[in-house]
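Peer 1: Handing you a structure now.
The values are calculated or read from the model by the stated rules, or taken from the named source; none is laboratory data. Predicted, not measured: the structure shown is a model, and the values here were computed from it. Don't worry about glycine lacking a Cβ; one is built from the backbone with ideal geometry, like all the others, and counts go over all protein chains shown. The area values use the complete protein model at the heavy-atom level, side chains included, leaving out ligands, DNA and RNA. Shrake-Rupley method; radii C 1.70, N 1.55, O 1.52, S 1.80 Å.
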Amino acid sequence: MQPLTHLSEEERMFQLSVRRFAREQIGPHVREMDETGTFRKDILAKLFEMGLMGIEVPEEYGGQGGSFFQAVLAVEELAAVDPSASVIVDVQNTLVINALIRWATAEQKHRYLPKMVASMVGAYALSEAGSGSDAFALQTRAAQDGDHYVLNGRKLWITNAAEAGVYLLFATLNPEAGYKGITCFLVERDSPGFRVGKKEDKLGIRASSTCELILDDCRVPAANVIGELGKGYKIAIETLNEGRIAIGGQMLGLARGALDHAVAYARQRKQFGKVIAEHQGVQFEIAQMAVDVEAARLLVYNAARLRDAGLPFVTEAAMAKYFSSQIAETVASRAVEIFGGVGFTKDYPVEKLYRDAKIGRIYEGTSNMQRVLIAKHYLEKPL
Ligand SMILES: Cc1cc2nc3c(=O)[nH]c(=O)nc-3n(C[C@H](O)[C@H](O)[C@H](O)COP(=O)(O)OP(=O)(O)OC[C@H]3O[C@@H](n4cnc5c(N)ncnc54)[C@H](O)[C@@H]3O)c2cc1C
């Protein structure tokens, strides 16, 4: 039995290649992308070239044939440099492609997976203005019309929406049926009646697009229903159960990035005649940050490896996301303080990591929703 954080040779090589890519190719553009609120097209193209937009896609469709754990490693490594780049890869792999691998027909896989590996960005559209935590109260309607479905409604907060060519979108065939009406569709960007609406101006992960989707009599071929009619709720629950492990990975990477910056700064900044790393008060802060990062890593890696092993992982996934997003905030906050005044400016990267950390407690289920899930498990399990 291997220790949890021990990586196989293949995993280690993969981790190092993503780390190098993130530092060398993304690092120099992080500030500019944050300020402009846009993700550079050349970096997106490189994410495809690196195979990072189809990590788990089987080789027969042109993918890497990698593991879910590798997808989490990629998300972590990218987040240490730029949590925006990280979430683009996260949604593509752990939500959209993950759902297609599990629920799409062979014909649908042949139609979409090769494109998604090569150049097509995917988005995952569940939330609406009136349905966030209560996701299955969604109001977007789908009605059958011959060999098509006609979709009407609005989706909100959709990551990757600006860049995406395809949207995994949840709509209801019958609102009276509650969650049992929910059905999952693949909607192409150029579908008649489909439009990407307003882009949000955000606190953090500003280079990752978050937009409204507008469906006005949007026509989608019946061949684009993913899974069974009325079983979309199952696809949504199960993809989010897995996806949130990678959000834990994103927050872990962010915290590790902030810790690394703080350590580097503490080693060179002098006050009272010595580098601040020699002051015990600063050492204690670094120690706490390191323990938090390591604890988050154990939770995230364990949940990801449980998932790959086909073992129960849902409570562990919620814990990983809940804890990692909590420590990402405190570690980034401590990093800002270790930098002192300059930490509060945009000239140093910790200010951005501090802003980026906030989203971890909100998307893919708020911290409260993770606590609901964890508490339910503990209150219902036999003692
Ligand atoms: C940057 C960004 C990107 C996103 N990307 C996507 C995406 O790609 N696809 C997508 O579908 N959605 C996406 N979302 C939406 C996100 O998943 C929701 O914002 C989130 O689920 C919370 O929903 P809400 O905003 O409606 O908040 P609400 O559900 O209104 O929650 C508000 C507050 O009430 C609390 N609360 C609600 N219900 C309960 C309860 N039962 N018990 C205790 N507390 C409760 C919540 O914890 C929260 O603190 C994104 C959001 C953001 C901000």
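Peer 1: Modelling each spin label as a point 7 Å along the Cα-to-Cβ direction, I'd like the Val275/Ala290 distance in nm, to one decimal.
Peer 2: 1.4
Peer 1: Then there is this: Under the classification rounded if a/c is under 1.5, otherwise prolate if a/b is larger than b/c and oblate if not, where does the range 1-134 fall, given a ≥ b ≥ c as square roots of the Cα gyration tensor eigenvalues?
Peer 2: It is rounded, given that a/c, with a ≥ b ≥ c, falls under 1.5.
Peer 1: Run lengths n ≥ 4 of DSSP H only: what is the helix-derived mean residue ellipticity at 222 nm for the chain, with -39500 (n - 2.57) per run over all residues, to the nearest 500?
Peer 2: Only helices count here, giving -16000 deg cm²/dmol.
Peer 1: Can I ask one more? Give the residue list of chymotrypsin sites (Phe, Trp or Tyr not before Pro) in the range 272-327 that are DSSP loop and have at most 12 other beta-carbon atoms within 10 angstrom.
Peer 2: Filter output for the range 272-327: Phe272.
Peer 1: Using +1 at the C-beta of Lys and Arg and -1 at the C-beta of Asp and Glu, which of Gly253, Phe69, Ala332 has the Cα lying farthest in the positive direction of the dipole of the chain?
Peer 2: Sorting the options by dipole projection puts first Ala332.
Peer 1: Out of Thr159, Thr183, Thr38, any idea which swings most in a Gaussian network model of the chain, alpha carbons joined below 10 Å?
Peer 2: Among Thr159, Thr183, Thr38, the largest GNM mean-square fluctuation belongs to Thr38.
Peer 1: If you don't mind, another one. For the chain, set up a Gaussian network in which alpha carbons nearer than 10 Å are linked by springs, and say which option among Ala303, Ala71, Ala264 fluctuates the most.
Peer 2: Greatest mean-square fluctuation among the candidates belongs to Ala264.
Peer 1: Using a probe radius of 1.4 Å on heavy atoms only, what accessible surface per residue do you get for the range 1-120? Whole Å² is fine.
Peer 2: It amounts to 42 Å² per residue over the range 1-120.
Peer 1: Could you work out which residue, out of Ile55, Ile88, Ile43, moves most in a Gaussian network model of the chain, that is, has the largest mean-square fluctuation with Cα springs under 10 Å?
Peer 2: Of Ile55, Ile88, Ile43, the Gaussian network model singles out Ile43 as fluctuating most.
Peer 1: Could you tell me the distance between the Cα centroids of the range 259-321 and the range 18-79, to the nearest Å?
Peer 2: 22
Peer 1: Averaging sequence separations of C-alpha pairs under 8 Å and six or more residues apart, then dividing by the length of the range 166-268, give the relative contact order as a whole percent. Numbers along the way, then the final one.
Peer 2: Values: 117 pairs, mean separation 27.2, N = 103.
It rounds to 26 percent for the range 166-268.
Peer 1: If I model the range 199-287 as equal point scatterers sitting on the Cα atoms and use the Debye formula, what is log10 I(q)/I(0) at q = 0.20 Å⁻¹?
Peer 2: For the range 199-287, the Cα-only Debye profile gives -1.10.
Peer 1: Next question, about the same structure. Which percent of the accessible area of the chain is formed by carbon and sulfur heavy atoms (probe 1.4 angstrom)? Write down the numbers at each step before the final one.
Peer 2: On the way: 9050 of 16560 Å².
Carbon and sulfur atoms account for 55 percent of the accessible area of the chain.
Peer 1: Quick one: check the C-alpha center-to-center distance for the range 208-244 versus the range 112-189, whole angstrom.
Peer 2: Cα centroid of the range 208-244 versus Cα centroid of the range 112-189: 4 Å apart.
Peer 1: While we're on this one: Using only the Cα atoms of the chain, construct the convex hull and provide its projected area averaged over every direction, in square nanometres to one decimal.
Peer 2: Dividing the Cα hull surface by four gives the mean projection, 20.1 nm².
Peer 1: If you take the square roots of the eigenvalues of the alpha-carbon gyration tensor of the range 80-146 and sort them as a ≥ b ≥ c, do you get rounded (a/c under 1.5), prolate (a/b over b/c) or oblate?
Peer 2: It comes out oblate by the Cα gyration axes.
Peer 1: Contact order normalised by length for the range 64-179, with contacts defined as Cα pairs under 8 Å and 6 or more residues apart; what percent is it?
Peer 2: 24
Peer 1: Could I ask something else about it? Leaving out ligands and nucleic acids, and using a 1.4 Å probe, what accessible area per residue does the range 125-235 come to in Å²?
Peer 2: Roughly 42 Å² per residue, with all protein chains present.
Peer 1: Taking Cα pairs under 8 Å and at least six residues apart, what relative contact order does the range 220-352 come out at, in percent?
Peer 2: 33
Peer 1: How compact is the range 325-383 by the rule of thumb for globular proteins, expressed as Cα Rg over 2.2 N^0.38 Å?
Peer 2: Against the empirical 2.2 N^0.38 Å value, I get 1.56 for the range 325-383.
Peer 1: Nearest 20 debye, what's the magnitude of the dipole of the chain about its Cα centre given +1 on Lys and Arg Cβ and -1 on Asp and Glu Cβ?
Peer 2: 620
Peer 1: At each listed q (0.13, 0.15, 0.16, 0.29 Å⁻¹), what is the log10 of I(q)/I(0) that the Debye formula gives for the range 278-332 modelled as equal alpha-carbon point scatterers?
Peer 2: These q points yield log10 I(q)/I(0) values of -0.39, -0.48, -0.52, -1.04.
Peer 1: Here's a follow-up. Within the chain, what percent of beta bridges assigned by DSSP are antiparallel, to the nearest 5?
Peer 2: Approximately 85 percent, going by the DSSP bridge assignments.
Peer 1: Now, a different point. What ranking of Met33, Met13, Met319 comes out by heavy-atom accessible area, probe 1.4 Å, highest first?
Peer 2: Largest accessible area first, the list is Met13, Met319, Met33.
Peer 1: Let me ask something additional. Which of the pairs Lys180/Lys352; Lys270/Lys352; Lys321/Lys381; Lys198/Lys234; Lys109/Lys321 have their Cα atoms more than 31 Å apart in this structure?
Peer 2: Violating the 31 Å Cα-Cα cut-off are Lys180/Lys352.
Peer 1: May I ask you to give the solvent-accessible area per residue for the range 239-383, in square angstrom, as obtained with a 1.4 angstrom probe?
Peer 2: 47
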